[in-house]
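The values are calculated or read from the model by the stated rules, or taken from the named source; none is laboratory data. This structure is a prediction, so every number in the text was calculated from the model and none was measured. Glycine gets a Cβ as well: all are built from the backbone with ideal geometry, and neighbour counts include every protein chain shown.
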Amino acid sequence: MLEVGIKAPDFELPDQNGKIHRLSDYTGKKVILYFYPRDNTPGCTKQACGFSERYPQFTEKGAVILGVSKDSVASHKRFEEKYGLAFTLLADPERKVIEAYDVWKEKKNYGKVSMGVVRTTYLIDEQGVIIKANDKVKAADDPENMLKELDQ
């Protein structure tokens, strides 16, 4: 996980519609950049729907939500359409940004060890500096917790 207080690495990734996004495009806004393992899995769906339901509250506070996984653009499009997601999903199948943000880690599941995305959320300020980093994310609670962070 990257440290609080450092400049967040800039990136260039396509969204669910194939449009390219850069972190630098959002200078002047707070960015909630969250990394999740896979589209259409129970935890990831709860987290995404939670962000989507609260999306108007995030925009009122001047924040942008960007969800990142190694799923494809097409997978993100299906995920967005299935749940009516209101925010941007970024596709990182080569894991360039996932690795730059240090969220590709060894995971243990039922005694089996594998590599994967550790669910992590970063709050990045208007100048591109990480002001909050959490790698102990509970999927269902993350959206509400991030709204509270914006109020601080």
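Test residue 81 against the stated conditions and say whether it is within 26 Å of residue 5 (Cα to Cα), more than 15 Å from the chain's Cα centre (by Cα) and modelled with pLDDT of 95 or more. No: the conditions fail for residue 81.
Checking every residue in the stretch 20-38 against the condition of being hydroxyl-bearing (Ser, Thr, Tyr), free of Cβ contacts under 8 Å to residues at least 12 places away in the same chain and within 21 Å of residue 133 (Cα to Cα) gives zero matches.
Report yes if some residue within the stretch 100-114 is crowded, with 16+ Cβ neighbours inside 10 Å, within 12 Å of residue 37 (Cα to Cα), without any contact (Cβ under 8 Å) to a residue 24 or more places away in the chain and not hydroxyl-bearing (Ser, Thr, Tyr); otherwise report no.
Within the stretch 100-114, the first condition is being crowded, with 16+ Cβ neighbours inside 10 Å, and the residues that meet it are 101-104.
Restricting the remaining residues to those that are within 12 Å of residue 37 (Cα to Cα) gives 103-104.
Filter once more, so that each one left must be without any contact (Cβ under 8 Å) to a residue 24 or more places away in the chain: 104.
Cutting the leftovers down to not hydroxyl-bearing (Ser, Thr, Tyr) gives us 104.
Yes, there is a match, as at least one residue in the stretch 100-114 is crowded, with 16+ Cβ neighbours inside 10 Å, within 12 Å of residue 37 (Cα to Cα), without any contact (Cβ under 8 Å) to a residue 24 or more places away in the chain and not hydroxyl-bearing (Ser, Thr, Tyr).
Scanning the stretch 39-51 for residues that are touching a residue at least 40 places away in the same chain (Cβ under 8 Å) and of a type in the set (S, T, N, Q) yields 40, 47.
Of the candidates 101, 122, 110, the single residue that is modelled with pLDDT under 95 and either of a type outside the set (D, E, K, R) or touching a helix residue (DSSP H, G or I) at 6+ places or on another chain (Cβ under 9 Å) (or both) is 110. Does the stretch 34-49 contain at least one residue that is at positive phi and modelled with pLDDT of 95 or more? Taking every residue of the stretch 34-49 in turn, at least one turns out to be at positive phi and modelled with pLDDT of 95 or more.
State yes or no: is residue 10 in a helix (DSSP H, G or I) and either exposed (fewer than 14 other Cβ atoms within 10 Å of the Cβ) or of a type in the set (Asp, Glu) (or both)? In short, no.
Pairing residues of the stretch 119-148 that are over 20 Å from residue 39 (Cα atoms) and crowded, with 20+ Cβ neighbours inside 10 Å with residues that are among the polar types (S, T, N, Q) and modelled with pLDDT of 95 or more, at Cβ distances under 7 Å and at least 6 apart in sequence or on separate chains, gives 146/121. Residue pairs whose Cβ atoms lie under 7 Å apart, separated by 6 or more positions or on different chains, with the first residue in the stretch 58-75 and under 17 Å from residue 151 (Cβ atoms) and the second of a type in the set (D, E, K, R) and part of a loop (DSSP other than H, G, I, E, B), are 62/29; 63/29; 64/29. Only residues that are aliphatic (A, V, I, L, M), touching a strand residue (DSSP E or B) at 6+ places or on another chain (Cβ under 7 Å) and closer than 18 Å to residue 1 by Cα were counted in the stretch 121-151, giving 8.
Okay, residues lined up against (1) surrounded by fewer than 20 Cβ atoms within 10 Å (Cβ to Cβ); (2) more than 19 Å from residue 142 (Cβ to Cβ); (3) basic (Lys, Arg):
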residue	(1), (2), (3)
33	no, no, no
36	no, no, no
49	yes, no, no
53	yes, no, no
63	no, no, no
93	yes, yes, no
96	yes, yes, yes
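Look at residue 73 and say whether it is surrounded by 15 or more Cβ atoms within 10 Å (Cβ to Cβ), touching a strand residue (DSSP E or B) at 6+ places or on another chain (Cβ under 8 Å) and either among the basic types (Lys, Arg) or at pLDDT 95 or above (or both). It is true that residue 73 is surrounded by 15 or more Cβ atoms within 10 Å (Cβ to Cβ), touching a strand residue (DSSP E or B) at 6+ places or on another chain (Cβ under 8 Å) and either among the basic types (Lys, Arg) or at pLDDT 95 or above (or both).
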